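Student: Have a look at this one.
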Amino acid sequence: MALLEHKRCPHCGKVTWQEYVPQAPPAASYWRCRDCGDRRDAKRVSVGNGADLNRGRVQTEEVCADVLIVDISRRGARVRCDDDLPVRVTIGQRVLFNPQLQPFGELAHYQAAIVRWVNSNEFGICFETPLSLSMGDITRIVKN
């Protein structure tokens with residue numbers, strides 16, 4: 001049975017149920033809003049503006065398309081749809097995301113994820129299983 005508290009979400013601003021999600025070390029435990037699903041305790045790494053460096057792929061039931069990665073963390077990513085081939089997603093939809101940031105390893109394969117928010121041509125995804133890479137490793141991969 002999950003530990004619950006009724007409090008204000010720092011992300012969406014609603015007073016709603018917050019669910020405590022315990023994680024085994026080295027991952028940190030966190031509170032997740034049941035309305036918006038926000039888990040922003042993870043540090044995010046901005047990918048940058050290089051056109052080839054921040055390209056990833058999102059696969060839905062209907063389409064597999066390129067996206068631009070705005071930032072990424074162990075638990076999820078913020079992506080922007082490519083203007084040439086927009087991806088239509090809805091909150092709660094399950095997608096597969098391949099960051100394509102490595103030639104092999106975790107950041108070279110598709111990760112199962114859930115869409116947590118949508119704003120115009122950007123959306124946020126939460127990985128179903130957090131990456132096993134440390135934030136230092138992700139930063140090194142992105143910056144190199």
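Student: What does the charge count near Arg94 come to, summing +1 for each Lys or Arg and -1 for each Asp or Glu among other residues with Cβ under 11 Å from its Cβ?
Tutor: -2
Student: Mind giving me the nanometre distance, one decimal, between the label points for Glu62 and Arg94, set 7 Å out from Cα along Cα→Cβ?
Tutor: It is 1.9 nm.
Student: Taking the range 82-144, which GluC sites (Glu not before Pro) meet the DSSP loop condition and have no more than 14 other C-beta atoms within 10 Å?
Tutor: Passing sites in the range 82-144 are Glu128.
Student: Additional query: Students often check this: by mean Cβ neighbours within 10 Å, which of 73-80, 129-136 ranks highest, and how do the rest follow?
Tutor: Numbers: 73-80: 22.4, 129-136: 13.9.
My ranking of the peptides, most packed first, is 73-80, 129-136.
Student: Sticking with the crude label model, points 7 Å out along Cα→Cβ, report the distance from Ser132 to Leu3 in nm, one decimal please.
Tutor: Between Ser132 and Leu3, the simple spin-label model gives 2.7 nm.
Student: On to the next question. Run the numbers for Lys143 and Thr16: contour at 0.36 nm per residue of separation, minus the present Cα-Cα distance, in nm. Intermediate results must be reported in sequence, preceding the final value.
Tutor: Details: separation 127, 0.36 × 127 = 45.72 nm, distance 3.77 nm.
Value of the extension gain: 42.0 nm.
Student: How big is the range 52-142 on each of its three principal axes, counting only the C-alpha atoms and giving the largest first in Å?
Tutor: Sorted from largest, the Cα extents of the range 52-142 read 31, 26, 20 Å.
Read-outs throughout are calculated quantities, based only on the coordinates presented, and are distinct from any laboratory measurement. Keep in mind it's a predicted model, so treat the numbers as computed, not measured. Cβ sites come from the backbone with ideal geometry, for glycine too, and all protein chains shown count toward neighbours.
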